[in-house]
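Asks: Attaching a single structure in structure tokens format; questions to follow.
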Amino acid sequence: MSAEREHQWWQKGVIYQIYPRSFQDANGDGVGDLRGILSRLDYVQWLGVDAVWLSPIYPSPMADFGYDISDYCSIDPLFGSLDDFDELVRQVHRCGMKLVLDFVPNHSSSEHPWFKESRRSRDNPKRHWYIWRDPAPGGGPPNNWLSQFGGAAWEFDDATGQYYYHAFLKQQPDLNWRNPQLREAMLNVLRFWLDRGVDGFRVDVIWHIVKDDEFRNNDPDPDYHPGLAPHRQLLATYNTDRPEVHQVIEKMRDVLNEYDHRMMVGEVYLPVERLVTYYGGEGEGVHLPFNFQLIELPWHARIIADAIEKYEGLLPPHGWPNWVLGNHDNPRIATRIGAAQARVAAMLLLTLRGTPTLYYGDELGMHNVPIPPDRVQDPFEKNVPGLGLGRDPERTPMPWNDQAHAGFSAAAPWLPIGEDAHSRNVEAMRADSTSILALYRRLLELRRQESALHIGSYAAVPAHENLLAFRRRKGDSLFLVALNFGHEPAVLDVTGRAPCGKIVLSTHLDHEQEVFDCRLELRADEGVIVRLDS
């Protein structure tokens, strides 16, 4: 069997995250929907990605914009219908791509029928589908656990005299995965969507889903300072990353193993030493525990180089790496590091060993859009104002052209359009052979064509100061990737450590096919890919 066939689609491919509210509005209500995504699939296919991941589209009161689910097995009318979804699955597959859904197993909406039943009485059959506790002996919440969105994580229910736990909003009560009936009901949710042709799931806050069975207090975090989110005052020792979570993940994996070629991505914000434990044993854990180091670490060549080496060294033998530059919860890469370095970051993301995940609009160099106070939507920002923690700026609508509302909608969109949308849009950038969109497409094309770049080995190349360099090899195919994280020219000298070759792609989109003679001169904010003589 060839090496290409030995690797699964999720190892060879690139995942493209779509935030459905902000991709394309087809019905003119100012909010993106499934029909809008269908109308833009030709663009996604043209771009050259291999899988589309959709943030939640389930029925929801939208307290947290779809992460508060009131029915796990349907589609919110805001986005369309199950028929629309089935058509989307068919068309995504027709385009030769895969479809990945968000799965939100940690909590439901307080409007979910399960929770309504649960809170009816202490002896209701679904009472223990959620986490209920008596008040502390002296009154008040059962322990000191804090909500991710500010304040205590316990909400008192007058009717039954107990508190329920919510890691996020009070409208998002946590499910009790220690309960076998709840566990089976949620596993059947996976089967429901797998039977409809879904190719995989991104599992939301997977490290949260099991809590300490003794409900012990968390200790203060000695590294906390007032600029951080309030919940970080405490170490989340007892309400996240519990050992039993891996037993739950194994049950989820068992369901996926009932089907062919399906996969699971886990959202895990943990130090890399803990992150890699979510791979579990072979065939038991998450296929790809999300690796957010490129989001979290300072943008410095030496720091990133060391992180890559450490991550590669910690991976279990069966673990496949993955990398993420942006998502719906973090400031956009162009805002974090600037437009010039965003091009360098694109080359890094798409040449590292492992599966890349690309956030919609990053291929346009979209930046965070300032949100006026009267247009703030995110409950995180509303609950914890003034710290700049709101996620609206990175969730703004995709700009398609220079027409009204950037071609996103016929109506005023739910969040503002970026002021530069008249020039930073798909139509304009497709016509510009030097745009960051052109760079992304060239990178995706080269990655797909060259097995060394999508399944090849990785080896660091010693570099200094602002340079990061590495080799990718598969058989006789050998590439050198050199990235200048600095704003001044730099030289990478690999005399005696690499053969000669030709530059096949620069982030500046010029001087391809220039001969490389072991001394590579990089311009400011430039990355290059060199095909080396084998």
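What follows is calculated from the coordinates using simple rules that are stated; it is not laboratory data. Bear in mind the structure is a predicted one, so any value in this text is a computation, not a measurement. All Cβ positions, glycine included, derive from the backbone under ideal geometry; neighbour counts span all protein chains shown.
Asks: Quick one: which of Lys12/Lys98; Lys126/Lys170; Lys126/Lys251; Lys12/Lys502; Lys98/Lys502; Lys126/Lys211 span more than 23 angstrom between C-alpha atoms? Write down the numbers at each step before the final one.
Replies: Details: Lys12/Lys98 12 Å; Lys126/Lys170 18 Å; Lys126/Lys251 21 Å; Lys12/Lys502 25 Å; Lys98/Lys502 34 Å; Lys126/Lys211 18 Å.
From the list (Lys12/Lys98; Lys126/Lys170; Lys126/Lys251; Lys12/Lys502; Lys98/Lys502; Lys126/Lys211), the Cα-Cα distance tops 23 Å for Lys12/Lys502; Lys98/Lys502.
Asks: Rounded if a/c is under 1.5, else prolate if a/b beats b/c, else oblate: with a ≥ b ≥ c from the C-alpha gyration tensor eigenvalues square-rooted, which is region 113-165?
Replies: Working: a/c = 2.44, a/b = 1.48, b/c = 1.65.
In terms of gyration-tensor shape, oblate.
Asks: May I pose another question? Pop a pseudo-label 7 angstrom from the Cα along the beta-carbon direction at both His508 and Glu258 and give the gap in nm to one decimal.
Replies: Spacing of the two 7 Å Cα→Cβ label points: 5.7 nm.
Asks: Efficiency by 1/(1 + (r/R0)^6): what FRET value for Lys251 and Arg523, r their Cβ-Cβ distance, R0 = 51 Å, to the nearest 0.05? Before the final figure, lay out the partial values.
Replies: On the way: r = 52 Å, r/R0 = 1.02.
Efficiency at R0 = 51 Å is approximately 0.45.
Asks: Residue separation times 0.36 nm, minus the C-alpha to C-alpha distance between Phe215 and Trp46: what's the value?
Replies: Details: separation 169, 0.36 × 169 = 60.84 nm, distance 5.07 nm.
Fully extending the segment from Phe215 to Trp46 adds 55.8 nm.
Asks: Normalised by the residues of region 113-165, what does the relative contact order come to in percent, with Cα pairs under 8 Å and at least six apart?
Replies: Details: 74 pairs, mean separation 17.0, N = 53.
Value for region 113-165: 32 percent.
Asks: Counting only other residues whose beta carbon sits under 13 Å from that of Arg253, what net charge do I get with K and R as +1, D and E as -1?
Replies: So the surrounding residues net to -3.
Asks: So how strong a dipole does the chain carry about its Cα centre when Lys and Arg Cβ are +1 and Asp and Glu Cβ are -1, to the nearest 20 debye?
Replies: Working: 54 positive and 75 negative charges, 122 e Å.
Charge dipole of the chain: 580 debye, to the nearest 20.
Asks: Once both axes come from the Cα atoms, what is the angle between helix 245-257 and the longest principal axis of the chain, in degrees from 0 to 90, rounded to 10?
Replies: The angle comes out near 70 degrees.
Asks: Right, here's the next one. Treat every Asp and Glu Cβ in region 113-165 as -1 and every Lys and Arg Cβ as +1, leave all other atoms uncharged, and give the resulting dipole magnitude about the Cα centre to the nearest 20 debye. All intermediate terms of the calculation are to be shown ahead of the outcome.
Replies: Values: 7 positive and 6 negative charges, 38 e Å.
Once rounded to the nearest 20, the dipole reads 180 debye.
Asks: Add +1 for every Lys or Arg and -1 for every Asp or Glu among the other residues with Cβ under 14 Å from the Cβ of Arg202, and state the total. Could you put the intermediate results ahead of the total?
Replies: Details: positive: Lys98, Arg262; negative: Asp102, Asp199, Asp204, Glu267, Asp329.
Once all neighbours under 14 Å are counted, the net charge is -3.
Asks: Looking at Val276, Val203, Asn217, which one has the Cα that reaches farthest to the positive end of the dipole of region 165-279 (charges on Cβ: Lys, Arg +1; Asp, Glu -1)?
Replies: Positive-most Cα among the choices belongs to Val203.
Asks: Quick check: net charge around Gly281, other residues with Cβ under 13 Å of its Cβ, Lys/Arg +1 and Asp/Glu -1?
Replies: Combined, the nearby Lys, Arg, Asp and Glu give -3.
Asks: Here is a further query. Can you give the charge dipole size of region 456-532 about its Cα centre, rounded to the nearest 20 debye, using +1 on the beta carbon of Lys and Arg and -1 on the beta carbon of Asp and Glu?
Replies: Values: 9 positive and 11 negative charges, 104 e Å.
Dipole magnitude for region 456-532 comes out near 500 debye.
Asks: Tell me the label-point distance for the pair Glu445, His318, using the 7 Å Cα-to-Cβ offset, in nm and rounded to one decimal.
Replies: So the label points at Glu445 and His318 sit 3.9 nm apart.
Asks: Could you work out the helix-only [θ] at 222 nm for the chain, with each DSSP H run of four or more residues adding -39,500 (n - 2.57) and the total divided by the number of residues, to the nearest 500 deg cm²/dmol? Don't skip to the answer; put the middle values down first.
Replies: Numbers: 17 runs with 135 residues, N = 534.
Using -39500 (n - 2.57) per qualifying helix, the result is -7000 deg cm²/dmol.
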